[in-house]
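Accompanying notes for the structure given below.
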Amino acid sequence: MQDFSIFLDALSGDDFEEKPVPLEQFVTDKKYLGLPPLSDLQYTMLKASTQIYKEETLINLYGDTEGRKIFKQTCTEIILQLGKGSGKDYTSTIACAYIVYLLLCLKDPAVYYGKPPGDAIDIINIAINAQQANRVFFKGFNQRIEKSPWFQGKYNPKASMVEFDKEITVHSGHSESEAWEGYNVLVVILDEISGFELESTSGNAQAKTASSIYKMYKGSITSRFPDFGKLVLLSFPRFKNDYIQQRYNEVIAEKEVVLRSKLFKVNPDLSDGTEGNEFEIEWEEDHIISYKLPKIFALKRPTWEINPTRKIEDFTEAFYTDPTDALMRFACMPPEATDAFFKNRAVIEKAFSNPKINVDKDGRVDDDFKPKPDIQYFMHVDLAQKHDHCAVALAHVDGWVTMEIGGKFKEAAPRVVVDAIRYWTPTASKSVDFTEVKDYILSIRNRNFNLKMVTFDRWNSHDMMQQLGVNGIKTEILSVAKKHYEDMSLVITEERLHGPKIQLLIDELLQLRIIKDKVDHPRKGSKDLSDAVCGAVFNAVSLTPPDADKEVEIYTYSGVFQDELEKLRQESEERLKNVIQVPPRRTMPNSIRNFFGDGEEMDEDESPLDSIRIL
């Protein structure tokens, strides 16, 4: 009889245990999340991501006109192509919290959706890897819930999930784990979907590519909650036509494109038109007119238009030092079809342009290769014996530099010199003799270099580390990873690295790819020299203490990106020749207005943000 009365309540429209508050109140009211107000665009995409109520329910709550208007926001797929730093993870934790809140306001969420009383409802956030899942989404989501008075006593946190009352569970997963089969999935968020593998490199048809992960969760949601289940894709694009861009383009029937631009000054105190002090960045802004499929919402916007705490001027340095990378990360304008880690050949060739290599490939050391006084030197060894190159790199910090960009002086940063790179190439008949490697390291120390630290990757390194330790050389394990390459990339991009011109090294660096959110080489390539250099640079930067008594040099970039800026401008002009462009003043097309249920006329003088406001 109790179950029957629950169904009668549902049929009578008495679905609620508590009347829910609107999203804006939920975000800012201290009774709920107590957060600062979001931007209009953040509210727009959150409303598309969290509307889970039936039309009749909304009419009962808000009246006929407003209820039908809100119901038109119901989407089953949300594609958010947003710049890095736009607060994607922040808003996804808010979205999950609000969905849970809306479910808990119902008497029985399962019955509301036609399921057996008390049936489970699952919400899953899928990150690239376990570290991102736990440290980014799960940590942020827990903070939202723990600090909310409304949720107190309604949840039970566990290792990688939070269990709420009424059999609602929020899971923090990642693409490397097993599929979430058997769950009653209402919402799945694919976080940084462009970082997932685009194609299988193993030949396994069941490999966890972005496409296969999308199809699996899409099918799971559709089979359980076809009308209100949601699949949310979040990412900035890594390269042209990566997965977020593929899916974004697949759902759009018609759009208008606006070309935006921004003129930056390196030194704002100089007068307008000062040669070399000004540069311009252009990016495209999409205005979607219609979709190919119903219940779809897509948005592509740069960081500074989404995140209310960021301004475009905050990215002056990024655009000045590496416009291609900055346009990709912050304006969702990736380079053409490449997932290369280093996307600019000029900056790599400038960093490694010293014709004096000090140690040649046969191990001959120049007679004038001598240490500088009072300088600490660092090595990293990438061991290999039969197949790959075995490489040893030597580096040191050669002073501290800073520069003025956008009227602000950057924090002083180390300038790094890669002094020498010694490598051995195994042949079919001869493996690398590790004794030669050890003797070479000792020979550098014996030339009076203050060898402060020698690090090794894990493979086969224990014996050599022990032998060097006996000779008074400090050693440690260092597994070179993406974070170390990102640190080295900053040093290279800011022109703070100078190393020997070794073509094999340059080729390796330019062939590096981002694969499964890791820096790796193509199947037929190598990265032994680049790993050795990366480890040595990391050691030098992280282990050399700053000297407060030394003078900090003020320097300027050489302008290796100026040709790239012109190329980007020409490509943009060519790409937009056959694209409809609208004037900078924006008004919402009727189809979008109707999609969100706003039939009222809009004043032409309304701000761009007002023109896309839903509620």
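Every read-out reported here was derived from the displayed coordinates using simple, explicitly stated rules and does not represent laboratory data. Everything numeric in this text was worked out from a predicted model, so none of it was measured. With ideal geometry, Cβ positions are generated from the backbone for all residues, glycine too; neighbour counts draw on all protein chains shown.
Structure notes:
- Couplings 3J(HN,Hα) of the stretch 92-101, computed from phi: 5, 5, 5, 4, 5, 4, 6, 4, 4, 4 Hz, in residue order, whole Hz [Karplus 6.51 cos²θ - 1.76 cosθ + 1.60, θ = phi - 60°; x for Gly and Pro].
- Relative to one another, the C-alpha centroids of the stretch 344-386 and the stretch 58-98 are positioned 54 Å apart.
- Loop-located trypsin sites (Lys or Arg not before Pro) across the stretch 134-163 with a Cβ neighbour count of 11 or fewer within 10 Å are K158, with loop assigned by DSSP.
- Contour excess over end-to-end distance, with Cα ends at N142 and V552 and 0.36 nm allotted per residue: 143.3 nm
- Protection-proxy order for peptides 32-44, 253-265, each taking the mean of Cβ atoms within 10 Å per residue, highest first: 32-44, 253-265
- The D227 and S271 beta-carbon pair, evaluated with R₀ = 41 Å, returns a calculated FRET efficiency of approximately 0.10.
- The stretch 96-175: C-alpha gyration tensor shape, a/c 1.5 cut-off, then a/b vs b/c: oblate
- Structure note, pairs K300/K350; K84/K255; K292/K482: Cα-Cα distances above 32 angstrom occur for K300/K350; K292/K482.
- Using a Förster distance of 51 Å, the FRET efficiency for K30-W459 (Cβ separation, nearest 0.05): 0.40
- Gain upon complete extension [D439, E254; 0.36 nm per residue less C-alpha separation]: 60.0 nm
- Summing charges over neighbours of Y32, with a neighbour being any other residue whose Cβ is under 15 Å away from its Cβ, gives +2 when K and R count +1 and D and E count -1.
- Here the extension length gained between E313 and S353 equals 11.2 nm, from 0.36 nm per residue of separation less the Cα-Cα distance.
- Karplus-derived 3J(HN,Hα), 6.51/-1.76/1.60, for each residue of the stretch 345-353, Hz, glycine and proline x: 5, 4, 6, 5, 5, 6, 5, 10, 10
- In Hz, Karplus ³J(HN,Hα) per residue of the stretch 362-378 (6.51, -1.76, 1.60; θ = phi - 60°; x = Gly, Pro): 8, x, 6, 9, 4, 5, 8, 7, 10, x, 7, x, 6, 10, 8, 10, 9
- Under 5 Å, built H, 5+ apart or other chain: amide partners of V381: T455, F456, D457
- Label sites at S542 and N471, each approximated as a point 7 angstrom past Cα along Cα to Cβ, lie 2.5 nm apart.
- Straight-line cross-link partners of K372 among the lysines, defined as a Cα under 19 Å from its Cα and at least 8 positions apart when in the same chain: K356, K452, K550.
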